[in-house]
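Worksheet: the structure to be examined is printed underneath.
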Amino acid sequence: MYTFLIPLLLGFALNSVSDFTTTYSRLWGERGGRLASSILRNVVGIPVWAAGFCLAFRTPSTMLFHPSLISDTLGWLAIIAGAVVISWGLLALRWRAAMPSVRDTLVVDGPYAFVRHPLYSGMFLEFAGLLLLSPTRVVGLACILGLVWGLLQARLEEIDLVKRLPAYVEYMQRVPRFVPGLKKRST
């Protein structure tokens with residue numbers, strides 16, 4: 001029943017290795033680090049965790065609630081909104097999205113003017129939409145694991161970005177992580 005967890009968690013782990021671009025570049029040079037990050041994340045990681053989600057949807061499971069026209073509509077709206085945010089973020093990043101490098105420059109325009117991680121924000125919206133469309137325990141578990149992974153992934157990514165982009169430290173203090181308008185409170 002829980003076989004979907006194998007590709008889901010393996011894909012998340014492989015996707016997360018892109019957060020070590022600086023380390024790979026030190027070991028194998030800039031080109032090798034860029035290639036390792038790109039292949040492990042784009043060619044292997046993302047397709048494998050996507051396959052895990054597909055398996056979760058196909059796994060029979062207890063319903064958390066009964067879907068309705070309202071939940072289906074909200075689910076599709078969340079998925080569409082998430083796709084728009086992700087697409088906008090990818091357009092702003094351009095080549096940096098597919099091939100992270102130690103020579104990257106900081107992107108602070110487009111959605112990155114509002115949140116530091118619009119790709120994860122969009123992905124979280126899509127997870128919510130998927131759960132509304134298929135409200136089963138298995139899909140719920142996959143979405144919760146996706147959320148936890150996204151939170152950890154964003155943190156690891158920020159550690160790597162601080163190493164690669166010194167201006168990222170000031171950017172972190174100015175721009176919220178996932179939700180626009182949520183400023184850090186000064187203590």
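Taking the stretch 75-128 as the search range and keeping residues that are assigned to a helix (DSSP H, G or I) and among the aromatic types (Phe, Trp, Tyr), which one is modelled with the lowest pLDDT?
Checked the stretch 75-128; the qualifying residue modelled with the lowest pLDDT is 95.
Considering each residue of the stretch 28-67, count those that are in contact with a Gly (Cβ under 9 Å, 6 or more places away or on another chain), surrounded by fewer than 16 Cβ atoms within 10 Å (Cβ to Cβ) and not in a helix (DSSP H, G or I), and give that number.
So the answer is 2.
Going by what's in this entry, would residue 82 be described as small (Gly, Ala, Ser), under 15 Å from the mean Cα position of the chain (by Cα) and closer than 23 Å to residue 137 by Cβ?
In short, yes.
I'd like the full set of residues that are surrounded by 13 or more Cβ atoms within 10 Å (Cβ to Cβ) and of a type in the set (Lys, Arg), limited to the stretch 68-98.
Across the stretch 68-98, the qualifying residue is only 96.
Search the stretch 137-187 for residues being in a loop (DSSP other than H, G, I, E, B) and of a type in the set (D, E, K, R), and hand back the single one that is farthest from residue 18 (Cα to Cα).
So, considering only residues that are in a loop (DSSP other than H, G, I, E, B) and of a type in the set (D, E, K, R), the one farthest from residue 18 (Cα to Cα) is 185.
Could you list all residues from the stretch 104-116 that are surrounded by fewer than 16 Cβ atoms within 10 Å (Cβ to Cβ) and touching a helix residue (DSSP H, G or I) at 6+ places or on another chain (Cβ under 7 Å)?
Correct list: 106, 108, 109, 110.
If you go through the stretch 13-57, how many residues are free of Cβ contacts under 8 Å to residues at least 24 places away in the same chain and charged (D, E, K, R)?
Residues meeting the conditions: 2.
Please verify whether the stretch 172-182 includes one or more residues that are at pLDDT below 90 and more than 18 Å from residue 123 (Cβ to Cβ).
yes
Could you count how many residues in the stretch 6-16 are among the hydrophobic types (A, V, I, L, M, F, W, C) and either touching a Gly at 6+ places or on another chain (Cβ under 7 Å) or crowded, with 21+ Cβ neighbours inside 10 Å (or both)?
Qualifying residue count, the stretch 6-16: 3.
Residues 152, 119: which one is closer than 20 Å to residue 42 by Cα, out of contact with any Phe, Trp or Tyr (no Cβ under 8 Å at 6 or more places or on another chain) and crowded, with 19+ Cβ neighbours inside 10 Å?
Answer to the selection: 119.
Is it the case, given these coordinates, that residue 53 is over 17 Å from the mean Cα position of the chain (by Cα) and among the aromatic types (Phe, Trp, Tyr)?
Against the criterion (over 17 Å from the mean Cα position of the chain (by Cα) and among the aromatic types (Phe, Trp, Tyr)), residue 53 does not qualify.
Has the stretch 146-157 got at least one residue that is among the polar types (S, T, N, Q) and modelled with pLDDT under 95?
yes
The values are calculated or read from the model by the stated rules, or taken from the named source; none is laboratory data. Please read all numbers here as calculations on a predicted model, not as lab measurements. Cβ sites come from the backbone with ideal geometry, for glycine too, and all protein chains shown count toward neighbours.
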